Amino acid sequence: MAIDRRTFFKRTAGITAAAAALNFIDMKAWAQTVEDGPVEVKPSMCNMCTSECGMQIHVKNGRAWKVTGHPDHGISRGKLCPRAHAGLHWIYDPGRVKTPLKRVGEWEFEAISWEQATDEIADKLKAILDEHGQEAVFGAQYPRTTGTLYLNRFMHSLGVATTMTHEASCQSARQLGMTHTFGAAYDADWRHAKYLLFVGRNMGEGIKTGSANCFAAAVANGAKIVCLDPRLNQSAAITEWVPIRPGTDLAFLLAVSNILVTENLFDRDFIRNHTNGFVNFRREITQYTPEWAAGITGIPEDKIREIAYDLADNAPHCAVDTGWKAAVGSNFANGTDTARAVAYINALLGNLGQLGGLYAPLGAIVAEPNFPSPAVPTGVRNDGVGTEFPVAPPTGLPHVTMQRAKEGKVKAGFVRHFNPVRSFPDYEHMRAGMRALDLLVVFETHMSETAIEADYILPEPSFAEREEIIKTDGATVCMRTKVVDKVHPETKSFDEIITLLAQKMGVGQYFEFSLDDWNEALLAEQPFSLADLKRMGSTQGLTYDEPVVPGGCGNLLPGDKPAPPTMHPRVFLASNDRNPVPPLGTPSGLFEFFSQRFAQAGFNGIAEWREPETGLSLGANEFRVIHGKQGYHSHVCTANIPMLAQITKDYDTNRIWMNAERASALGVSDNDTVRLRAKNGRTAEVRIMVTERIHPDMLFAPAGYGNRSPYLEVSQALGGFNPHDLCDFRTEPISGHAMMSELIVAVESV
Amino acid sequence: MTELNRRDFLKVSAVTGAATVFAAGCAGAPDVAAESIAEERPRERMALLMDNSLCVNCQACRLACQNENMLPVERKYIRFDYIDKGRFPNTTHHVNRHSCQHCGNAPCIDVCPVDALYKGQEGFTHVDFEACIGCQLCGTVCPFDVPVYNEDPRSGAWKMYKCSACEHLVSQGGTPACASTCMTEAVQYGTWEEMLAKAESRVAQLRDKHPQAEVYGSTQQDGLGLLLVLRTPAADYPHLV
């Protein structure tokens, strides 16, 4: 029987989600939770964002009831953000995928057996590999330890080189810019800093729980904190807001470097002993005067000077936070150079490894499991990494792969726990790319925008019903354990599915281990067993002597608790005294003001000013559209969660922000619906929130709304706008990212 | 609390408390009688401190509270008021938690005809949800416009909803869910004296940049069990007097 949206919900446990949308009470389930009964507390990890905070799930009557932060987890630190509490909904959501599904029509599916699904997928994949070779296949995931191990290993065992994550819609430019200056993307030691400058980063709403905890501790300690942002976000609201014209952070940062250099306010010792290319940098930077930057950014020259002097006065116990997405991420054509400009200032301050500066924590020792491994393929990738984009990070470019799919060059894709159709611009481009594939297999718990384009949807148990590969974050060693029984018995965990597929593909020899085997091997050098870890969930492990810098998502935090006696001594953050500068991961081993690698690839060796690709001039009714997070939504996957949707509804927070003076000039009042028209002719109708909290040049679109999958009924009922509907498919030249804020719209009345 | 009668609730929380102790690493079967721990504990006046100058409006407190107290999705004990001051680019934004202030001298208790509202030993105003008849008198006398009249979806009866300061937790020496989860530590829990001292010290620090910063709740209604740190005068906020 074919399953379309209506029958999909009819077939679920008797709950008509359509009728319940925004009137969310699932009485039966709720009554079951409320009912008296014994409570068990089991360790787990949150699944709502990449931080994966350690937490305890309190289980009553066999049903997950509530969560509390795990005190021994370095990120959660016993606290949890709103999404963790609401995330329990994902276990019991009536919209879960319950059996393998096969596409039978536009967004329509039929339930099939695992045997049929894996046989058909293997047959099709073999044919595609035979006919088109490895370059026609990709694997993509939102990075999780289990996905990274199993999906990448599966791809590698088939000789497929293209494995990707979401980073090109997130922080790949930051990662690239920091790697080609400092050798790694260091975080700031927020908690101990005397002065912090945040460039578009919003610690209170783009949440990593422990990072927000450190940030707030700095606020409470009385540290001076400045938030550069075109919008008065919730972090700026509790610190100092310096509004900036969107897309011009690079000009501001270059001017701060100019002041530090020309007024000799830099750390001469660090520059002399630990950097290269400074002489050329000093020559180039003279052109970026504060007067020049004031004209571009709209920030008064005096304010730029004040910030530069405050940084110099507090060095080295201060930092320009290295950001995440925002100005240094995948938003603008100048993202990579903005990240490099952030790095330059930190180098001038000489703050690496210093208390309150940039740092890396010691990492827990992870042993190397010794099971037969496929060679890492050296063939050409289908996303342009290494070819069209010679220095782009290996986290890949899914939006480019979709272009190649539209051109008929990519034929098969495997996507796990990742929704690139909705999370990348533009929706129609991404969707058309997925539809052009001969075989799209999506591993999902929900009917996401990507899942509904799939030929096969393979259902996993939710995060609370399965175990996963161990994760480390700094000294923290943690894992997800099985907290409740499978809600839908036909679901299979990712390791089971991939092992099954690998056997059918004839590469089963690379998967002759269980999850437990692999996890036990990872812990070989730790003083506790896998059974211990399953009981504890999170703990602090033995660490390497050297700091371990996070690669991509996965934040590491300084520990405040004294190290247990079994741990190695910390080399960083030892005291207020100068700490030795750690070895840097660049080709030269030095901080690189000038990147040879960039120059060889044909890019500017030293960061230089460039405008956003869409320019800086706006017509009388034109605005740039910037998106950003609210603390209670994650990416594009939470607007369908009733508890979170209810917050949006209660406070009407999925409206588009418009500056009050611009609104008045255009005759737009609060709550008016207007039409946004992009230069490509696409339009969207949105409701406006008129506010004094935003730069006149921009509209702010709260992220995470505007789901298009008809199966996400709560989100559909909630409504909202996703700017990727209007934004073009683009690639930033250096890192290849998706340039998600290169969108200018005209506002029209409806 | 909400949907359970008080006796049942204490039963549930006894087990919860014991299980939590177990999970924290103390060996032993989860049958430790939490009540006995509670009886040994000296009772003093406790308080929640809401330092609004550290709040980033993430709403974790609201959700932790909803789960802890098993509230239906649309019901919440914790709400927020927001105010903006000034014109761009000199705008400031302020939040304030709007929930039961746990008045030292609570008029709601005095007017409740069925004694559904009562003081616990920690000084908070608790609710016997089963006993509530939904007469709304508490709502009419509340100085802060807190109790909300709404349908209990399980029984169909209309009741008054308000924060009960997690009676099942605080009466066992535990911490209310809102304070446990708060990642910026804007919500804190401790003795009334400690919380007041913290609030005063924070306000002293804030006054450099926010000369009108104040502690709210040290004197109002004989002292509030939910103390507030405000960066702007209380009169700016719609639910404060």
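Comparing Cα centroids, the stretch A:416-489 and the stretch A:189-267 end up 34 angstrom apart. Cross-link pairs exceeding 30 Å between alpha carbons, from the set A:79/A:649; A:42/A:649; A:208/A:534: A:42/A:649.
Interface burial in the stretch B:68-94, defined as at least 40 Å² less accessible area with all protein chains than with the chain alone at a 1.4 Å probe, covers B:68, B:70, B:73, B:74, B:87, B:88, B:91, B:93. Centre-to-centre, using Cα atoms only, the stretch A:610-630 and the stretch B:126-181 are separated by 47 Å. Using only alpha-carbon positions in the stretch B:142-241, the gyration tensor eigenvalues give semi-axes of 28, 18, 12 Å once each is multiplied by 5 and square-rooted (largest first). Applied to the stretch A:696-710, the Karplus parametrisation 6.51 cos²θ - 1.76 cosθ + 1.60 on θ = phi - 60° returns per-residue 3J(HN,Hα) values of x, 6, 10, 9, 10, 10, x, 7, x, 9, x, 4, 9, 5, x Hz, with x for Gly and Pro. Remark: the stretch A:622-749 carries 28 Å² of accessible area per residue (probe radius 1.4 Å; ligands, DNA and RNA excluded).
Normalising the average separation of contacting C-alpha pairs (under 8 angstrom, six or more residues apart) by the number of residues puts the relative contact order of the stretch B:44-236 at 31 percent. If you take the accessible area of A alone, add that of B alone, and subtract the area of the pair, what total do you get in Å², probe 1.4 Å, to the nearest 100? Between A and B, the summed buried area is about 4800 Å².
Checking every one of the GluC sites (Glu not before Pro) in the stretch A:55-157 against DSSP loop status and a limit of 10 other Cβ atoms within 10 Å picks out A:106. Residue by residue, the stretch A:401-414 carries 3J(HN,Hα) couplings of 4, 5, 5, 5, 5, 5, 7, x, 9, 10, 10, 9, x, 10 Hz when phi is fed to the Karplus relation 6.51 cos²θ - 1.76 cosθ + 1.60 (θ = phi - 60°); x denotes Gly or Pro.
Treating only the Cα positions of chain A as identical point scatterers, give the base-10 log of I(q)/I(0) from the Debye formula at each q in 0.07, 0.10 Å⁻¹. After summing over all Cα pairs, the log10 values are -0.47, -1.03. Annotation: residue A:618 carries an accessible surface of approximately 50 Å², with a 1.4 Å probe and no ligand, DNA or RNA atoms counted.
Placing unit charges on each Cβ (+1 for Lys and Arg, -1 for Asp and Glu) gives chain A a dipole about its Cα centre, and among A:3, A:222, A:342 the Cα reaching farthest toward its positive end belongs to A:3.
Shape analysis of the stretch B:44-236 yields a ratio of the Cα radius of gyration to the Kirkwood radius, Rg/Rh, of 0.97.
Counting only DSSP beta bridges whose two residues both lie in the protein assembly as shown, roughly 60 percent are antiparallel. Checking the cross-link pairs A:406/A:504; A:126/A:471; A:66/A:486; B:119/B:162 against a 24 Å limit on the alpha carbon distance flags A:406/A:504; A:126/A:471 as lying beyond it. Remark: the stretch A:593-639 projects, on average over all directions, an area of 6.8 nm² (convex hull of Cα atoms).
For the listed peptides B:51-58, A:380-387, a ranking on the average number of other beta carbons within 10 Å per residue, highest first, reads B:51-58, A:380-387. The simple spin-label model puts a point 7 Å past each Cα toward its Cβ; for residue A:61 and residue A:306 those points are separated by 5.8 nm. For the stretch A:403-486, the percent of C-alpha pairs falling in each 5 Å distance bin, counted from 0 to the bin holding the largest distance, reads 3, 15, 19, 18, 13, 11, 10, 8, 2, 0.
For residue A:124, a cut-off of 16 angstrom between C-alpha atoms picks up these aspartates and glutamates, skipping any fewer than 8 places away in its own chain: A:115, A:135, A:438, A:455.
Normalised per residue, the accessible area of the stretch B:90-132 is 32 Å², obtained with a 1.4 Å probe and no contribution from ligands, DNA or RNA.
Rounded to whole numbers, the Karplus 3J(HN,Hα) couplings from phi for the stretch A:440-452 are 10, 10, 10, 9, 8, 9, 9, 7, 6, 4, 7, 4, 6 Hz, using 6.51 cos²θ - 1.76 cosθ + 1.60 with θ = phi - 60°, and x at Gly and Pro.
Distance from the Cα centroid of the stretch A:700-750 to that of the stretch B:199-237 is 41 Å (rounded to whole angstrom). At a threshold of 30 Å², the residues of the stretch A:635-667 that become less accessible to a 1.4 Å probe in the full protein assembly than in their chain on its own are A:643, A:646, A:647, A:650, A:651. Charging the Cβ of each Asp and Glu at -1 and of each Lys and Arg at +1, and nothing else, the dipole of chain A about its Cα centre rounds to 660 debye. Contact order for the stretch A:622-749, expressed relative to its length and based on alpha carbon pairs under 8 Å spaced 6+ residues apart, stands at 38 percent.
Contact residues in the stretch A:197-231 by the 40 Å² criterion (accessible area, 1.4 Å probe, full protein complex versus chain alone): A:213, A:216, A:220. Averaging over all projection directions, the Cα-based convex hull of the stretch A:622-749 occupies 8.2 nm² in the image plane. Proximity of backbone amide H atoms, modeled 1.01 Å from N, is registered between residue B:161 and B:148, B:149, B:150 at under 5 Å, excluding neighbours fewer than 5 places apart on the same chain. Only Cα pairs under 8 Å and 6+ residues apart enter the sum, and on that basis the relative contact order of the stretch A:63-106 stands at 26 percent. Determine the share of the protein assembly as shown's accessible area contributed by carbon and sulfur atoms, expressed in whole percent, with a 1.4 angstrom probe. Reported share for carbon and sulfur atoms: 50 percent.
The values are calculated or read from the model by the stated rules, or taken from the named source; none is laboratory data. Here the structure is a predicted model, which is why all the values come from computation and not from measurement. With ideal geometry, Cβ positions are generated from the backbone for all residues, glycine too; neighbour counts draw on all protein chains shown. Note: accessible area is taken over every heavy atom of the protein model, side chains too, but ligands, DNA and RNA are not part of it. Shrake-Rupley method; radii C 1.70, N 1.55, O 1.52, S 1.80 Å.
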